[in-house]
Structure formats: structure tokens, C-alpha cells
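Just so you know, all these numbers are worked out from the coordinates, no wet-lab data involved. Nothing here was measured: the structure is a model prediction, and the numbers come from that model. Heads up, the Cβs are rebuilt from the backbone with ideal geometry, glycines too, and the neighbour counts pull from every protein chain shown.
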Amino acid sequence: MTLLCAILMLSVAGAMSEKPAIVVQAADSAVRLDRATILTGADGPPIVSYAATNLTEDQLDQFTVMAFVFDAKGTLKATQMAPGRRTLDARSTKYSTLVLDGSPVDPTDVIVVGVNQAQRAGSEVWWRADLQPLAEAATQRKKP
């Protein structure tokens, strides 16, 4: 529902453009992001639309998605973190969005996203990963 509302709002606001986001993943991540796309309309901040897949046999209570905004030279401009969908069943996929409203995003900026935390159902323990080195490396590979 959130994704549908975001897309409708962008399409009503004017022409919408889209480009792929770069996805990074820690080796032991419980969640994989797929089809991460940056949607940009004439008004409002960019929105990252993504599919999140639980890679485990356990239900996840929650996970968080982190976005890194790099300028065209590869310098980190901003980071933003937001909760993903709650209750991600074992081996299931859900779709969600992340609104990049933490700082201005220029058309030439590179957006890198990934899951940096996850919590299994019934557990107080969080899995965590530092995605910044992966994001920086992915941005360096993208440079011409």
C-alpha cells in the first residue's frame, strides 16, 4: 500500500524518472534486497522502491534498510536508515519503500542501499553489519 501511494503521488506530481540503486549485502545477512529502484518525481524527495527477501528459515520481526548518498565524485554526502517491513516470514518477499528526505539528492548522485540490521521473531538479539565499507567499494567500482 505504501509503495502504491508513493508511486501515485509521484505520477500525479509530474513526470517520474527511475534508475537502479546499487545494492550491497553483508555476507551473513538474513535479508536480501532486490529490484531496488530510485523513483524521482518533479516534486518531493526521491523514493527507493525495493523487494526484501528473508533468506532464513526463521520469521523476522523487523529489519532496517540503510541508504548512502554519494556525489558524482564518490564522496559520501549523507546516510539514512529506516525500518523495513515488519514481520518478514521465512523465505518470503515483501515490497517496501524508503523516502530519501534526510538531505537533498542531486540527479548525478549515486544511491547505495542495503540491510544493516535484522531481528528474528522471539529474540532480543539483533544481527548488525557495517555497510559503509561495502557501499564505498561499490561506488568506486561504478566510477568510469
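Some observations on this one:
- Under a Gaussian network description of the chain, with springs only between Cα atoms under 10 Å, the residue in Glu57, Glu18, Glu124 that fluctuates furthest is Glu124.
- Across all directions, the average projected area of the convex hull around the alpha carbons of the chain is 8.4 nm².
- Gaussian network model of the chain, springs between alpha carbon atoms under 10 Å - residue of Ala129, Ala82, Ala27 with greatest fluctuation: Ala27
- From least to most packed, judged by other beta carbons within 10 angstrom and beginning with the fewest, Arg32, Arg86 follow the order Arg86, Arg32.
- Per-residue Cβ neighbour rank within 10 angstrom, fewest leading, Lys19, Lys73: Lys73, Lys19
- Paramagnetic reach from Ala15 in segment 39-65 [backbone N under 11 Å; point 7 Å along Cα→Cβ]: 42
- Stretching the chain fully between Ala78 and Asp28 yields a gain of 15.5 nm (0.36 nm per residue, less the alpha carbon separation).
- Ordered by the number of other Cβ atoms lying within 10 Å of each residue's own Cβ, fewest first, Tyr50, Tyr95 fall into the sequence Tyr95, Tyr50.
- Choice from Met81, Met16, Met66 with maximal GNM fluctuation in the chain (Cα, 10 Å cutoff): Met16
- Cβ-based charge dipole, the chain, positive-most Cα from Met16, Ala30, Ser92: Met16
- Taken about its Cα centre, the chain carries a charge dipole of roughly 280 debye when the Cβ of each Lys and Arg holds +1 and the Cβ of each Asp and Glu holds -1.
- Axis angle, to the nearest 10 degrees, between helix 2-13 and the longest C-alpha principal axis of the chain: 0 degrees.
- 3J(HN,Hα) along segment 123-137: 10, 9, 8, 9, 7, 9, 9, 8, 8, 4, x, 5, 5, 4, 5 Hz, from the Karplus curve 6.51 cos²θ - 1.76 cosθ + 1.60 with θ = phi - 60°, whole Hz, x for Gly and Pro.
- Relative contact order, percent, the chain [alpha-carbon distance under 8 Å, six or more residues apart]: 27
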